[in-house]
């Protein structure tokens, strides 16, 4: 689960291949699901919002990284919304890079920050958004591949919230490693 960086929205990943977005319903003092995102073909293991919370990255047992975008009511693209809630749409599927389950994803909170993935093939991959790509169909390039980052599955990773060049990873090998990222 991940909290939205600015709003009272909670996102959850699930074994049922979906992502759900929840908000508080003040009328009955409970939380309700206002969006269900479906496109993955297997368990969604992790999700991560970008710095603004207007996009969400997800990774899955299906070996893909997906990018979802928020479309607010009255958006210029004409994407339909209901009940005053934003609509979330899939804008990119990044596939062919991971050879096993992708267990974790973290979107660096720097402006235009990269996305890191942790994989069952013992590797860490970092993707950057292509400059000038269409916000409704963004392109991403894998600019870093650390093969054998660990000797077993890489289970989790996290960008440092202060020093955006630092990335931590952990693995079934029992180690936590700190990496310094320099874009290629």
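Rule-based calculations on the coordinates, nothing more; no lab input. No experiment lies behind these values; they were computed from the predicted model shown. Backbone-built Cβ (ideal geometry, glycine too); neighbour counts: all protein chains shown.
Filter region 86-104 down to residues that are closer than 19 Å to residue 128 by Cα and touching a residue at least 60 places away in the same chain (Cβ under 8 Å), then give me how many there are.
Number satisfying all stated conditions: 0.
How about region 160-174: which of its residues are farther than 14 Å from residue 125 by Cβ and either exposed (fewer than 13 other Cβ atoms within 10 Å of the Cβ) or in contact with a strand residue (DSSP E or B) (Cβ under 7 Å, 6 or more places away or on another chain) (or both)?
Listed by number, the residues that qualify are 160, 161, 162, 163, 165, 166, 168, 170, 171, 172, 174.
Please enumerate the residues belonging to region 113-137 that are loosely packed, with under 15 Cβ neighbours inside 10 Å and at negative phi. Walk me through how you get there before you give the answer.
Taking region 113-137 and keeping what is loosely packed, with under 15 Cβ neighbours inside 10 Å, we get 130-137.
Of everything in region 113-137, those that are loosely packed, with under 15 Cβ neighbours inside 10 Å and at negative phi turn out to be 130, 131, 133, 134, 135, 136, 137.
More than 13 Å from the chain's Cα centre (by Cα) and within 24 Å of residue 153 (Cα to Cα): does that describe residue 29?
no
Taking the residues in region 1-16 that are surrounded by 17 or more Cβ atoms within 10 Å (Cβ to Cβ) and over 19 Å from residue 156 (Cβ atoms) as candidates, determine which candidate is farthest from the chain's Cα centre (by Cα).
9
Just to be sure before I move on: is residue 113 touching a residue at least 40 places away in the same chain (Cβ under 8 Å) and part of a loop (DSSP other than H, G, I, E, B) in the structure I sent?
So residue 113 passes the test.
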